[in-house]
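The values are calculated or read from the model by the stated rules, or taken from the named source; none is laboratory data. As the structure is a prediction and not an experimental result, all values here were calculated from the model. Backbone-built Cβ (ideal geometry, glycine too); neighbour counts: all protein chains shown. Keep in mind that these areas ignore ligands, DNA and RNA; they rest on the heavy atoms of the full protein, side chains included. Shrake-Rupley method; radii C 1.70, N 1.55, O 1.52, S 1.80 Å.
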Amino acid sequence: MKPIETVDKCTTCSTCVAYCPVTRATRAFKGPKLTGPSSERFRLFDETGGGEISEIEALDYCSNCKNCDIACPSGVKISTLNMLARADWCRKHKPPLRDWVLAHGRALGKLARRFPNWMVRLGSTNALSRLLLDKFGVDRRAPMPVFAERSFSEWMEAHNAGLSPTERRNLTKKAVFFPGCFVNDYDPQTGQDLVFLLEKAGYEVIVPDFQCCGVPLVANGFFDEAKAAAEANLAALVPHVASGDVPVLTVCPSCQLMLKQEYGEFFPDAPGLSAVVPHVQDACEFLIGLLESGELELDLREDATKLIYHAPCHLRAQGTGKPGLELLRMAEAHVEDARAGCCGISGSYGFKKEKYDVAATVGAELFQAVKDS
Ligand code: SF4
Ligand code: SF4
């Protein structure tokens, strides 16, 4: 069912309002029921093309966390309606440069790797540049993620080139890994760890020529660019899944949500969608399957380190449980489930100057749980 067709399923019960963390944090946001299905009815009747949303500021407060969708008993695609309405508005009103920068992490990563890493780290964390960034609209209190010296894709290329003929012969099965921008540009180690485990289980890991999944592009109003990225990603994945039972693994819940669910909601006519979507799987879920089937064995070690696990909203929105937590427990880690709702950051949302306080209020319960642990 198309998101727009879910509008009339709304019974105005207000459950979504009770579950929206941003509504609880600020009165500037009118809440999911009003900005979603209720406003959509007016937008549908607007004969000028449904685009002139007078209250974009209120709509803009939606962080696309999807807690409303999780809670709605009628299956209304509230957050998707919000993002589609924002996309319409942004086609007519260009988003600010700050939002362009926040939406294009990979381009920034490529640029950052042209300079020595120490220079990039210093440039993104020292007081003067934080002050300048603050003037630019990136709140100086928001901790900046640091670009990795070498991207995951670069590491992967070198890793594949270094495999011996015997090692290659042992990789008899295939798995596709979609790393996404975060692993590629900020956290390659997580991708490297996954490759290590998959190869240990006899999988050849294929990393397609990928683009950003599109989540930050949609959230910041670059919808048409997100569509082009989705089409490019699907085109890159189709040849790999066409050859049979090949999983497309992700470690980022937002990439996974986008590939598995939101491509179909935002870009239902994208070529390759039906071929790729059934193959998309959480990497932790896949690893659990390998452990259960005996294809992978872990060398378990006694480790008294206590961990706290936070289930991101974009994972909970998929209704697939908490495979990361389950995997840690299978590895006999001492891990506690934070059960503390939304972190507030929602990708680039919490970095924005006008949203930082809202994000900090939303995430307060989680921050406290982490401190207590
Ligand atoms: S929870 Fe669903 S049905 Fe209830 S008000 Fe929100 S959108 Fe409408
Ligand atoms: S996506 Fe999140 S912030 Fe947006 S309306 Fe739904 S619950 Fe609220």
Filtered hits (lysines, Cα-Cα < 16 Å from Lys353, offset >= 8 within chain) -> Lys135
Built amide H within the under 5 Å cut-off of Val335, gap 5+:
Leu307
Points 7 angstrom from Cα along the Cβ direction at Asp337 and Asn170: gap in nanometres?
3.6 nm
Would you list, by chain and number, the aspartates and glutamates whose Cα falls below 15 Å from the Cα of Lys33, excluding same-chain residues fewer than 8 positions away?
Asp8, Glu55, Asp60, Asp69
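Ignoring ligands, DNA and RNA, what accessible area per residue does the chain give at 1.4 Å, in Å²?
Numbers: 18680 Å² over 373 residues.
That works out to 50 Å² per residue.
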List the Cys residues of the chain that have no partner Cys with a C-beta closer than 4.7 Å.
Cys10, Cys13, Cys20, Cys62, Cys72, Cys90, Cys181, Cys212, Cys284, Cys342, Cys343
Computed over the chain: relative contact order in percent, which uses C-alpha pairs under 8 Å that are six or more apart:
16 percent
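For a quick protection proxy, order the peptides 171-180, 343-352, 302-311 by their average other-Cβ count within 10 Å, most packed first. Before the final figure, lay out each step's value.
Values: 171-180: 20.7, 343-352: 22.4, 302-311: 12.1.
Packing proxy ranking, top to bottom: 343-352, 171-180, 302-311.
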Apply the a/c threshold of 1.5 to the C-alpha gyration tensor of segment 300-373 and tell me whether it is rounded, prolate or oblate.
prolate
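Quick one: if the Förster radius is 41 Å, what FRET efficiency do Leu300 and Asp224 give, using the C-beta to C-beta distance and rounding to 0.05?
Working from the Cβ atoms, E equals 0.25.
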Apply the Karplus curve 6.51 cos²θ - 1.76 cosθ + 1.60, θ = phi - 60°, to the phi angles in segment 18-23 and return the couplings in whole Hz, x for Gly and Pro.
5, 9, 7, x, 6, 4
Once phi is turned into θ = phi - 60°, what whole-Hz ³J(HN,Hα) does the Karplus curve with 6.51, -1.76 and 1.60 give for every residue of segment 185-191, x standing for Gly and Pro?
9, 10, 10, x, 4, 4, x
Computed ³J(HN,Hα) along segment 350-366: with the Karplus parameters 6.51/-1.76/1.60, θ = phi - 60°, integer Hz and x for glycine or proline, the list is x, 7, 6, 4, 6, 10, 4, 5, 4, 4, 5, 5, 4, x, 4, 5, 5
Can you send over the carbon and sulfur percentage of the accessible area for the chain, probe radius 1.4 Å, protein chains only?
56 percent
Between the modelled labels at Asn117 and Thr15 (7 Å from Cα along Cα→Cβ) the distance in nm is 4.7 nm
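For a quick protection proxy, order the peptides 238-244, 220-226 by their average other-Cβ count within 10 Å, most packed first. If you can, show how the numbers build up before the last one.
Values: 238-244: 13.3, 220-226: 21.6.
Result, highest mean Cβ count within 10 Å first: 220-226, 238-244.
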If the label point is 7 Å along Cα→Cβ of Asp193, which residues in segment 256-287 have backbone nitrogen under 12 Å from it?
284
Virtual spin-label span in nm between Ser38 and Ala127, 7 Å along Cα→Cβ
4.7 nm
Any lysines with Cα under 30 Å of the Lys173 Cα? List them, leaving off those in the same chain fewer than 8 positions away.
Lys200, Lys260, Lys322
Protein-only accessible surface order, largest first, of Met144, Met119, Met156 at 1.4 Å
Met119, Met144, Met156
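Using only helices, what value at 222 nm comes out for the chain when you add -39,500 (n - 2.57) per DSSP H run of length 4 or more and divide by the total residues, to the nearest 500 deg cm²/dmol? Spell out each step's value before the answer.
Working: 22 runs with 182 residues, N = 373.
Counting only the DSSP helices, I get -13500 deg cm²/dmol.
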When a/c reaches 1.5 or more, the comparison of a/b and b/c decides; with that in mind, is segment 1-156 rounded, prolate or oblate per its Cα gyration tensor?
prolate
